[in-house]
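The values are calculated or read from the model by the stated rules, or taken from the named source; none is laboratory data. Computed from a predicted structure; not experimentally measured. Positions of Cβ are backbone-derived with ideal geometry, glycine not excepted, and every protein chain shown enters the neighbour counts. Heavy atoms of the whole protein, side chains included, go into the accessibility calculation; ligands, DNA and RNA do not. Shrake-Rupley method; radii C 1.70, N 1.55, O 1.52, S 1.80 Å.
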Amino acid sequence: IICFFLIATLGISHGSLDHVKSTKLLKIFKIKNKLYFYLIYIFISLMIICTWILLPFFTLTIFLIIASYHFGKEDSVFGKIKRSKLSDLFLFLKGSLVISAPLYFHANETVQIFEILGVNLNQYNNNLTLIFIFLSLISNFFINNSFFLSLLDSLTIIILNINFEPLLAFTIYFCFLHSIRHSLSLIKEMNNKSLKKSSIIFLKRSLPLTVVAAFGFLIAVFLLNKYYLLNSAMIKVIFIGLASLTFPHILLEYLLEKNEK
């Protein structure tokens, strides 16, 4: 329950400025009505939920691939990212540690979470997971010049997964490493001169959508709890809910980055 509330509030808050970022994108495409952004954003989220219900294995696989790349890119804040033909692959490998570490150190618990999400991992290979962990650690060398700090970030994820069960380890990482770090970068963009002023602006702008998303998560748990145990209902809402928000969030980031260039 604690993990659920942390993810539903602090965790998802780093994406709650998407409506602010959309202003730039709408100007690029010369669209004046912001309602189009909200409709498309909600449509993509609902489409992901429906696709997960119909094709859970396919949707989960795509989500894990995209999430791995997203984690690798957003967490590579130590120095300038080295750009090469394989930089996207290295970023994916770095971020994949968030998935491979719990699979390796707590295989049974992680497989149970996947089963709750509608995916059966009978053919799971622990040796393959170990290879991914090794490749993830090596990828830090190719991502940026601050190899030690980048590697320290990956070792933190491993330590979390050695000591804690998968859901708790993910919650600590997602809320207190990934989300807070991303939020701080957004705060810095708002006002470099005054951290206090930019923090207040960030809170005012991010609070509305954070509250809406949190209530959405709560309502979903309430509805699913009629058919599933509370723990299962919360796990479904956490991961399927995150997937439904992650896809439009990453698409927005991609379109902004591409068009701003």
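Summary table
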item: Residue in segment 50-61 that is farthest from residue 233 (Cα to Cα), counting only those that are among the hydrophobic types (A, V, I, L, M, F, W, C) and over 16 Å from the mean Cα position of the chain (by Cα); result: 58
item: Residue match in segment 20-36 (condition: in contact (Cβ under 8 Å) with a residue 12 or more places away in the chain, within 17 Å of the chain's Cα centre (by Cα) and part of a helix (DSSP H, G or I)); result: no
item: Condition check for residue 237: assigned to a helix (DSSP H, G or I), more than 16 Å from the chain's Cα centre (by Cα) and either buried (at least 20 other Cβ atoms within 10 Å of the Cβ) or modelled with pLDDT of 90 or more (or both); result: no
item: Single residue of 50, 3 found to be part of a helix (DSSP H, G or I), touching a Leu at 6+ places or on another chain (Cβ under 6 Å) and either open to solvent by 60 Å² or more (accessible area, probe 1.4 Å) or of a type outside the set (A, V, I, L, M) (or both); result: 3
item: Odd one out for residue 227, checked against (1) more than 20 Å from the chain's Cα centre (by Cα); (2) more than 24 Å from residue 66 (Cα to Cα); (3) part of a helix (DSSP H, G or I); result: (3)
item: Positions within segment 141-187 being more than 14 Å from residue 15 (Cα to Cα), among the hydroxyl-bearing types (Ser, Thr, Tyr) and under 19 Å from the mean Cα position of the chain (by Cα), in sequence order; result: 150, 154, 156, 171, 173
item: Only one of 18, 75 that is at pLDDT below 90, touching a helix residue (DSSP H, G or I) at 6+ places or on another chain (Cβ under 7 Å), more than 29 Å from residue 130 (Cα to Cα) and acidic (Asp, Glu); result: 18
item: Qualifying positions in segment 222-261 - aromatic (Phe, Trp, Tyr) and over 22 Å from residue 168 (Cα atoms); result: 227, 247, 254
item: Every residue from segment 102-118 that is within 20 Å of the chain's Cα centre (by Cα), in a helix (DSSP H, G or I) and aliphatic (A, V, I, L, M); result: 103, 111, 113, 116
item: Index of the failed condition, residue 189 passing every other in (1) open to solvent by less than 40 Å² (accessible area, probe 1.4 Å); (2) out of contact with any Cys (no Cβ under 8 Å at 6 or more places or on another chain); result: (1)
item: Residue ID - nearest to the chain's Cα centre (by Cα), chosen from residues in segment 194-209 that are open to solvent by less than 20 Å² (accessible area, probe 1.4 Å) and among the polar types (S, T, N, Q); result: 206
item: Meets criteria (among the aliphatic types (A, V, I, L, M), in a helix (DSSP H, G or I), open to solvent by 70 Å² or more (accessible area, probe 1.4 Å) and modelled with pLDDT of 95 or more) for residue 172; result: no
item: Subset of segment 15-37 [loosely packed, with under 12 Cβ neighbours inside 10 Å and of a type outside the set (A, V, I, L, M, F, W, C)]; result: 23, 27, 30, 32, 33
item: Which listed residue is closer than 24 Å to residue 176 by Cβ and open to solvent by 50 Å² or more (accessible area, probe 1.4 Å), from 115, 109, 74; result: 109
